[in-house]
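Here the structure comes first, spelled out in structure tokens, and everything after it is commentary.
The values are calculated or read from the model by the stated rules, or taken from the named source; none is laboratory data. The structure displayed is predicted, hence computed values, not measured ones. Because the Cβ atoms are built from the backbone with ideal geometry, glycine has one as well, and the counts that use them run over all protein chains shown.
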Amino acid sequence: MTETQYGKLTAKVRQSSGKGVARKLRADGLIPAVIYGKGQGNVMLTLSPRELRRAMDPQRKLNTFFTVTIEGQDGQSVEQCVLTDFQADPIRDEFLHVDFLRVDPNSEVVTKIPVEYVGRAAGVVAGGKLRTYRRTARIAAKPAQIPVKLTVDVSPLNAGETLRMKDLVLENARLLEHPNVVVAHVDPPRVAKSPADEKKPAGKKK
């Protein structure tokens, strides 16, 4: 599948709901879904979880921008949407239900992206220890421009220095985290005790 085909998905309108219907769909290799938003009514859908996996951008994954062709009794319609919630089988790693939100391609959506740390901090080279504090970051971006990840280069960090959200730059998106949130910090190297210090008797408590 080429990059331009990612996000292309077909679904069918579903008239009934309930646990019994969901079980039957899953037995047939399908899953229930729903699409909502933009002031329009909810539409219950049926789709193939395998096709959903194939339609996902391998880099953006759950942040893929979808164009869903919906087949109903009155013909076809096309919706542009993002995946907002899902249920999955933790053992089989298979989707059991998904929720789609209708979106405007020219308006920002709010989501989370993974944080990736790269480089070796200068303070670590000098014997310090790097501490990282964020695995994800909340951002706002147009659906088709959601970044794959927030890359944090820790190379310039010296011992005792801290990197905060306000120090980071993200193209085509806005970071929604508080500017002072700590992203990474380098602890200074521990000072080794000399043999003389280790032999000193502990002071008497007063």
So THR67 fits all but one of (1) in the same structural domain as SER17 (by TED's automatic domain parsing); (2) farther than 17 Å from LEU9 by Cα; (3) among the hydroxyl-bearing types (Ser, Thr, Tyr); what number is the exception? (2)
Starting from region 106-133, keep only residues that are over 13 Å from LEU163 (Cβ atoms), then list their pairs with residues that are assigned to a helix (DSSP H, G or I) and of a type in the set (S, T, N, Q) whose Cβ atoms are within a distance under 7 Å, requiring at least 6 positions of separation or different chains. THR111/ASN63; ILE113/ASN63
Taking region 32-62 and keeping only residues that are over 22 Å from the mean Cα position of the chain (by Cα) and either under 25 Å from ASN106 (Cα atoms) or hydrophobic (A, V, I, L, M, F, W, C) (or both), one is left with LYS38, GLY39, GLN40, GLY41, ASN42, VAL43, MET44, LEU45, LEU47
With the requirement that a residue be in contact with a Lys or Arg (Cβ under 6 Å, 6 or more places away or on another chain) and either at pLDDT below 95 or more than 26 Å from ILE139 (Cβ to Cβ) (or both), what does region 63-98 give you? GLU71
2 or more residues among the small types (Gly, Ala, Ser), on the phi < 0 side of the Ramachandran plot and surrounded by 14 or more Cβ atoms within 10 Å (Cβ to Cβ): qualifying strands (runs of 3 or more DSSP E) within region 97-167: 136-141
Just wondering, is there one or more residues in region 39-56 that are at pLDDT 95 or above and under 30 Å from SER155 (Cα atoms)? no
Name the single residue that is nearest to VAL110 (Cα to Cα) among those in region 63-88 being acidic (Asp, Glu) and under 26 Å from the mean Cα position of the chain (by Cα). ASP85
Output the residues belonging to region 168-206 that are in a loop (DSSP other than H, G, I, E, B), surrounded by fewer than 13 Cβ atoms within 10 Å (Cβ to Cβ) and at pLDDT 85 or above. VAL169, GLU171, ASN172, HIS178, PRO179, ASN180
Anything in region 32-58 that is of a type in the set (D, E, K, R) and in contact (Cβ under 8 Å) with a residue 40 or more places away in the chain? List them, or say none. LYS38, GLU51, ARG53, ARG54, ASP57
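Give me a count of the residues in region 86-111 that are charged (D, E, K, R) and touching a Leu at 6+ places or on another chain (Cβ under 9 Å).
2
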So which residues in region 9-31 are of a type in the set (D, E, K, R) and in contact (Cβ under 8 Å) with a residue 60 or more places away in the chain, if there are any at all? LYS12, ARG26
